[in-house]
Amino acid sequence: MRVFAVSDLHVDYAINARWVDELSTFDYRDDVLILAGDVTHHLSQLAACLSAFVARFSKVLFVPGNHDLWIIGEGPNKTSLQKFAEVAAIVAASGASMQPFHRGGVTIAPLLGWYDYSFGEPGDELREMWMDYHACRWPVGFGPEQVATHFTSLNHQRPSDMATRVITFSHFMPRLDLLPAFIPRKHRVLDPVLGSTRLESALRVLRSTLHVYGHSHINRRISLDGVTYVNNALGYPGEAGMTTRELLCVAEI
């Protein structure tokens, strides 16, 4: 059984939705897919995309990203926590899963999360341009730290005595030094909203040796402090220079 990974599908773009539809319906029947968030904020498109993957893979594992929790065009009283509940229901109905998966001595564990400014404080430029500040709505008293606390509290937080190998995955980045050094300083304005050190702590507690993440749209594979980190984003149509736009086999179990 192979384990494939992809993130940041953004199937709101027709070319990305077509990429999903054109995947083989035979090649992955015995395999697992890690889908690390940012599929779409449209629930009907999310359901269709997940169902397409479930029809192709033996198991589909998912965590939502920030785009999946946008409430653009929805009721004025709806919160992104309510959107999360709707997303979770669609995941379950599709046959995909947001729960740990066990096969033999291998555990694949999703890590929910959010950014909490542990990568830095946002400036005025970021607060103006970052869409989440306008497209997400949280209950009164919920800031990024409370959102991150809420989601990380839902994670499986104890290491398995039965697992000889643990693979984890999240949408958000678990450590800032996963960004490659070639990124210009002027583009680092996004650092505060890229992820959270809570995710790094969580994957270490679970004794993960391989972690799949998304969100940055910069595909890379790097080993740091005994853990291999992999990002394989499909990305926006204009990002072909940063993404490979193909499924990536990250492990065999």
### Scan of segment 118-153 for residues that are among the basic types (Lys, Arg) and more than 20 Å from the chain's Cα centre (by Cα), ordered by number
Arg127
### Task
Identify all residues within segment 232-253 that are under 22 Å from Met1 (Cβ atoms) and touching a Lys or Arg at 6+ places or on another chain (Cβ under 7 Å); write none if there are none.
Cys249, Glu252, Ile253
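To keep it simple, each residue is scored yes or no on (1) touching a strand residue (DSSP E or B) at 6+ places or on another chain (Cβ under 8 Å); (2) in contact (Cβ under 8 Å) with a residue 60 or more places away in the chain; (3) not hydroxyl-bearing (Ser, Thr, Tyr).
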site	(1), (2), (3)
Leu69	no, yes, yes
Gly75	no, no, yes
Thr79	no, yes, no
Gly95	yes, no, yes
Met98	yes, no, yes
Gly105	yes, yes, yes
Ile108	yes, yes, yes
Leu112	no, no, yes
Tyr117	no, yes, no
### Query
Within segment 85-106, can one find any residue that is surrounded by 13 or more Cβ atoms within 10 Å (Cβ to Cβ), basic (Lys, Arg), under 21 Å from Arg165 (Cβ atoms) and at pLDDT below 95?
yes
#### Entry: Test for Thr228: is it modelled with pLDDT under 95 and either part of a strand (DSSP E or B) or over 14 Å from Asp177 (Cβ atoms) (or both)
no
### Message
It is to be established whether one or more residues within segment 183-203 are in a loop (DSSP other than H, G, I, E, B), out of contact with any Phe, Trp or Tyr (no Cβ under 6 Å at 6 or more places or on another chain) and surrounded by fewer than 15 Cβ atoms within 10 Å (Cβ to Cβ).
### Response
yes
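Determine whether Tyr133 is outside any loop (DSSP other than H, G, I, E, B) and surrounded by fewer than 19 Cβ atoms within 10 Å (Cβ to Cβ).
Values: outside any loop (DSSP other than H, G, I, E, B): yes; surrounded by fewer than 19 Cβ atoms within 10 Å (Cβ to Cβ): yes.
The answer is yes for Tyr133.
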### Residues being in contact (Cβ under 8 Å) with a residue 60 or more places away in the chain and either surrounded by fewer than 20 Cβ atoms within 10 Å (Cβ to Cβ) or hydroxyl-bearing (Ser, Thr, Tyr) (or both) - total across segment 204-223
3
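The values are calculated or read from the model by the stated rules, or taken from the named source; none is laboratory data. Note that the structure is a prediction, hence the values are computed from the model and not measured. A quick note on method: Cβ atoms are made from the backbone with ideal geometry, for glycine too, and the neighbour counts reach across all protein chains shown.
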